[in-house]
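Take a look at the structure below.
Read-outs: derived from the displayed coordinates by stated rules, not from any lab. Predicted model, so just to flag it, every value in this text is computed and none were measured. As a convention, Cβ positions derive from the backbone with ideal geometry for all residues, glycine included, and neighbour counts pool all protein chains shown.
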Amino acid sequence: MRTIDWSGDAITMIDQTALPAELRILRIDTVDALIDAIRRLAVRGAPALGAAGALGVALAAVGGEGDGEGVRAAAAALRAARPTAVNLAWGVDRALARLPEGPDAVVAEALSVLDEDAATNRAIGRRGADLLTSMGLDQVTVLTHCNTGALACVEWGTALGIVRQLHGEGRLRGVVADETRPLLQGARLTAFELAEMGVDYRVIVDSAAASVLGSGGVDVAIVGADRITANGDVVNKIGTLAVALAAAHFGVPFLVAAPESTIDPATEHGSDVTVEDRSPEEVTSFAGVRTAPPGAGAVNPAFDVTPAGLVTAVVTERRVIEGRAAESAASTR
């Protein structure tokens, strides 16, 4: 099934906050409800947010948001729901561009975004697996961070899509999945998907990633991205930078898997990106139970920036960009 889809007059999606305990399907029939789902991470992952953005504009166009100005206001609110992830704005803008042609055209464009995402991620998986072959890596153990599978997309997955491709080719020894604090997208979502795949996997606390990379038991680290800037900096889930630094120190390849829509040529450096700060309660509490002393504050950035110089390669559906991602077209395979 698709993580997020269109039912004709509403959006249906898997509520990722309920996993792994429950596979709950949400029916979203207002833009406000969609914005709430985005903010509370019921839908998350860069490609899935792109789909949500496009479908949100479709929902506004067919759901009584008034004239074109009403749809544009709804689109602006959607774009602002999570400012760091460039795919959300990309999906919104793509569907909104069809508004002069009428609601049916907006819906058609949103459905195209869904279909293209499924094909895009399969292409990333194949290209990534081929890249590992060219690097001399046949049977591999992969370290992942956050969730980059089908749940983060419409289908299949980006970084975890490469894992899925390797598994299908019989080349995957296993996966080490960072738990990904504070909301445990790795322990809850990635582990759920790996179990469904029948993959041998282990979950580790985020602070163990450097030690595991240094132990020689991991052949490659593969992560996703929420934005890749013009100079090749990678904005991704908090904790990604620590994985990249450790991988560089220990000589482990560090790959980024993301669709072309995640590359943001309009933003020069990662330092130019507005990084979302989330509620301190996500850090000071766990599963609704307070774990820090009363009155304790917290810093809770949702993302960090990995400098381009730490990236071995970026894998998209169209190309492999080696080293400093956007600096030289000559590096494209």
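Note the full-extension length gain between R202 and R290 as 0.36 nm times their separation in residues minus their Cα-Cα distance, in nm to one decimal.
Taking 0.36 nm per residue and subtracting the Cα distance, the gain is 29.0 nm.
Given a 10 angstrom Cα cut-off, can you work out which residue in A73, A129, A191 is the most mobile in a GNM of the chain?
Result: A73 has the largest fluctuation of those listed.
Only Cα pairs under 8 Å and at least 6 apart count here; give the relative contact order of segment 71-194 as a rounded whole percent.
Worked out over segment 71-194, it gives 20 percent.
Pull up the DSSP beta bridges for the chain and report the antiparallel fraction as a percent, rounded to 5.
50 percent
What translational diffusion coefficient, in µm²/s and rounded to a whole number, does the Stokes-Einstein relation yield for the chain at 4 °C and a viscosity of 1.567 mPa s, taking the hydrodynamic radius as the Kirkwood radius over Cα pairs?
Using the Kirkwood radius from Cα pairs, D works out to 65 µm²/s.
Expressed as an acute angle from 0 to 90° and rounded to the nearest 10, what is the orientation of the C-alpha long axis of helix 103-134 relative to the principal long axis of the chain?
10 degrees
I'd like the distance separating the alpha-carbon centroids of segment 96-133 and segment 296-317, in whole Å.
24 Å
Around N147, what is the net charge, scoring Lys/Arg as +1 and Asp/Glu as -1 over all other residues with Cβ under 15 Å from its Cβ?
Values: positive: R44, R164, R181, R188, K237; negative: D15, E155, D178, E179, E193, E196, D206, D226.
Spelling it out: positives minus negatives among the neighbours equals -3.
Relative contact order, percent, of segment 4-117 when contacts are C-alpha pairs under 8 Å separated by at least 6 residues?
On the way: 181 pairs, mean separation 29.1, N = 114.
Here the relative contact order equals 26 percent.
Can you give the net charge of the other residues whose Cβ lies under 14 Å from the Cβ of V218, counting K and R as +1 and D and E as -1?
For residues surrounding V218, the net value is -1.
Taking the Cα atoms only, what angle lies between the long axis of helix 68-79 and the longest principal axis of the chain, rounded to 10 degrees?
Relative to the chain, helix 68-79 is tipped by roughly 20 degrees.
So what is the relative contact order of the chain, in percent, for Cα pairs below 8 Å that sit 6 or more residues apart? Walk me through the intermediate numbers first.
Numbers: 722 pairs, mean separation 50.6, N = 333.
Relative CO of the chain lands at 15 percent.
Which FRET efficiency, nearest 0.05, do A97 and T17 yield, Cβ-Cβ r, R0 35 Å?
Step by step, r from the Cβ atoms, then E = 0.65.
If the elastic network links every pair of Cα atoms under 10 Å, which of G217, G136, G295 fluctuates the most in the Gaussian network model of the chain?
G295
Can you show me the helix-derived [θ] at 222 nm for the chain, built from DSSP H runs with n ≥ 4 at -39,500 (n - 2.57) apiece and divided by the number of residues, rounded to the nearest 500.
Helix contribution divided over all residues of the chain: -11000 deg cm²/dmol.
Can you give the Rg to Rh ratio of segment 194-297, both from alpha-carbon atoms, with Rh computed by the Kirkwood formula?
1.03
Given the options V314, V305, V289, state which has the largest fluctuation in a GNM of the chain using a 10 Å cut-off (strictly under) for Cα springs.
Sorting by GNM fluctuation, first place goes to V289.
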